[in-house]
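Shown next, in structure tokens, is the structure this report addresses.
The values are calculated or read from the model by the stated rules, or taken from the named source; none is laboratory data. None of these values were measured; they are calculated from a predicted model. Cβ atoms come from the backbone with ideal geometry, glycine included; neighbour counts cover every protein chain shown. Side chains are part of the model used for accessible areas, which takes the heavy atoms of the whole protein and leaves out ligands, DNA and RNA. Shrake-Rupley method; radii C 1.70, N 1.55, O 1.52, S 1.80 Å.
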Amino acid sequence: MKTTLFRTTLIAAAAAILSTAAFAQTGAKLKVGLMLPYTGTYASLGNAIENGFKLYLTEQGGKIAGREVEFVKVDDESDPSKATDNVNKLVKRDNVDVLIGTVHSGVAMAMAKVAKESGTILIVPNAGADAVTGAMCAPNIFRSSFSNWQPGYAMGEVMAKKGIKKVATITWKYAAGDESVRGFKEAFEKGGGTVVKELSLPFPNVEFQALLTDIAATKPDAVFTFFAGGGAVKFVKDYAAAGLKKTIPLYGSGFLTDGTLDAQGADADGLFTALHYADGIDTPRDKSFRLAYAKTYKLQPDVYAVQGYDAAQILGIGLKAVNGDTTKKAEFAAAVEAAKIDSPRGTFSLSKAHNPVQDFYLRQVTGKENKVVGIASKGLADPARGCKM
Ligand code: BEZ
């Protein structure tokens with residue numbers, strides 16, 4: 001038993017030395033597995049993340065820590081039932097050095113499980129599943145975005161402070177929706193409010209009518225919601241069409257109106273949301289990022305583009321510290337843990353569990369922008385429940 005263990009350790013050590021030497025001599029490319037949704041309700045989110053990631057790479061002259069990058073792309077379709085197979089193909093068949101993904105919390109949990117078992121570096125550029133930096137946390141798993149708990153909690157604080165008393169919640173029934181509502185409820189009830197009704201429908205359904213009728217009958221003071229992508233567009237339009245916008249104010253985590261305003265039009269006007277990015281931050285860092293993004297893609301960036309860009313920045317920080325050698329996991333992690341990440345959203349650092357500790361902006365939709373109107377929660381850290389690291 002002991003001999004086998006010793007031999008396995010020796011083989012692993014030898015492989016690490018060989019791979020370092022190999023890419024130093026041959027200039028082996030860094031293989032990045034990009035697992036994102038390119039179809040379905042979250043397709044535009046996946047594209048924005050890839051754009052942001054590639055913008056950073058272009059700024060670095062196409063190389064990270066001296067290594068050219070080769071992408072292996074998978075459309076995960078935001079389908080958790082295909083996630084384990086998809087991520088295993090990247091790790092075992094394509095032998096990627098690093099995994100970047102994804103948007104959907106259920107798919108990200110499968111990625112985190114495989115990353116934890118295989119030791120492959122994983123950087124999550126969106127999915128907020130609390131467990132990724134909670135019970136499933138690991139030295140090789142990082143997140144450039146948020147935990148689902150965070151924006152929900154920030155909005156709960158704001159709504160309680162506004163003196164709102166009775167709220168109904170509505171969301172998709174999966175980790176992102178459930179955990180956003182849980183975060184919201186924790187802060188809102190701590191601040192003296194009550195959640196009087198919790199409504200949900202399966203992801204990615206958009207048949208909201210029966211639930212909107214239920215909200216009208218319940219007559220809460222306000223509604224809190226999590227929807228994103230194509231589903232968020234339809235929800236905001238249906239809420240207004242049902243006549244509820246005028247009578248029961250709608251609040252949300254900022255995904256409700258991010259990257260969606262052109263399609264939502266006037267139906268989104270005036271909505272308040274909380275998120276770690278906004279329009280009108282007006283720092284030199286954000287301005288130069290937005291200019292470069294708009295020039296490259298002929299599009300305005302959204303929160304997903306920023307998270308993709310920052311996933312690449314995190315990879316850059318870690319890789320530079322190990323001279324491009326992804327086998328040096330402890331040194332990679334130490335560099336990222338010590339870093340202040342110079343993000344367009346504002347500087348942030350990672351918690352011990354590797355989730356961003358960051359400000360949440362209060363935003364209001366005005367003229368097709370999510371304008372900053374205040375700080376919903378300053379330096380908010382996820383509680384990382386269940387993380388042993
Ligand atoms: C999620 O599934 O974690 C998620 C998807 C879209 C926006 C935000 C969170």
* Does region 283-389 classify as rounded, prolate or oblate by the C-alpha gyration tensor (a ≥ b ≥ c root eigenvalues; a/c under 1.5 gives rounded; else a/b over b/c gives prolate, otherwise oblate)? -> oblate
* To do: Could you tell me how many degrees, from 0 to 90 and to the nearest 10, lie between the Cα long axis of helix 175-190 and the main elongation axis, the longest principal axis, of the Cα atoms of the chain?
  => 60
* Expressed in nm to one decimal, what extension gain is obtained for the pair Lys166 and Phe71 from 0.36 nm per residue of sequence separation less their Cα-Cα distance? -> 29.4 nm
* Would you mind getting me the FRET efficiency between Thr213 and Ala28? Use the beta-carbon distance for r and R0 = 51 Å, nearest 0.05. => 0.30
* Asked: In percent, how large is the relative contact order of region 321-389, given Cα pairs closer than 8 Å and 6 or more residues apart?
  -> 21
* Asked: Expressed as an acute angle from 0 to 90° and rounded to the nearest 10, what is the orientation of the C-alpha long axis of helix 43-59 relative to the principal long axis of the chain?
  -> 50
* Can you list the residues, at least 5 places off or on another chain, whose amide H is less than 5 Å from the amide H of Ser200, using H built in the peptide plane? -> Thr171
* Asked: Taking a label point 7 Å from the Cα of Glu198 along the Cα→Cβ vector, which residues of region 222-257 have an amide N closer than 15 Å to it?
  -> 224-226
* Where Lys and Arg each count +1 and Asp and Glu each count -1, what net charge lies around Thr296 among other residues with Cβ under 13 Å from its Cβ? -> +2
* Structure fact -> Taking every DSSP bridge whose two residues both lie in the chain, the antiparallel percent to the nearest 5 is 35
* To do: Decide, for region 315-357, between rounded, prolate and oblate: order the square roots of the alpha carbon gyration tensor eigenvalues as a ≥ b ≥ c, take rounded if a/c falls under 1.5, and otherwise choose prolate if a/b is larger than b/c, else oblate.
  => oblate
* **Relative contact order of the chain, defined on C-alpha pairs under 8 angstrom at six or more residues apart (%)** => 18
* Asked: Which net charge results for the neighbourhood of Gly308, defined as the other residues with beta-carbon distances under 11 angstrom from its beta-carbon, given Lys and Arg at +1 and Asp and Glu at -1?
  -> -2
* Asked: Of the cross-linked pairs Lys190/Lys246; Lys113/Lys197; Lys29/Lys298; Lys161/Lys237; Lys161/Lys246, which ones have a Cα-Cα span greater than 31 Å in the structure shown?
  -> Lys113/Lys197
* Points 7 angstrom from Cα along the Cβ direction at Ala330 and Glu369: gap in nanometres? -> 4.9
* Based only on the alpha carbon positions, what is the Kirkwood hydrodynamic radius of the chain, in angstrom? -> 21.3
* Carbon-plus-sulfur fraction of the accessible area of the chain, 1.4 Å probe, in percent? -> 56
* Round to a whole angstrom and tell me the spacing of the C-alpha centers of region 281-306 and region 200-259. => 28
* Asked: Local charge sum around Thr273 (other residues, Cβ-Cβ under 15 Å, Lys/Arg +1, Asp/Glu -1)?
  -> -2
* Using the heavy atoms of the protein chains alone and a 1.4 angstrom probe, what is the accessible area of region 174-256 per residue in square angstrom? -> 39
* Structure fact -> For the chain, the longest principal axis of the Cα atoms and the Cα long axis of helix 2-26 enclose an angle in degrees, to the nearest 10, of 90
* To do: Highest first, please rank the peptides 290-303, 147-160, 223-236 by the mean number of other Cβ atoms sitting within 10 Å of their residues.
  => 147-160, 223-236, 290-303
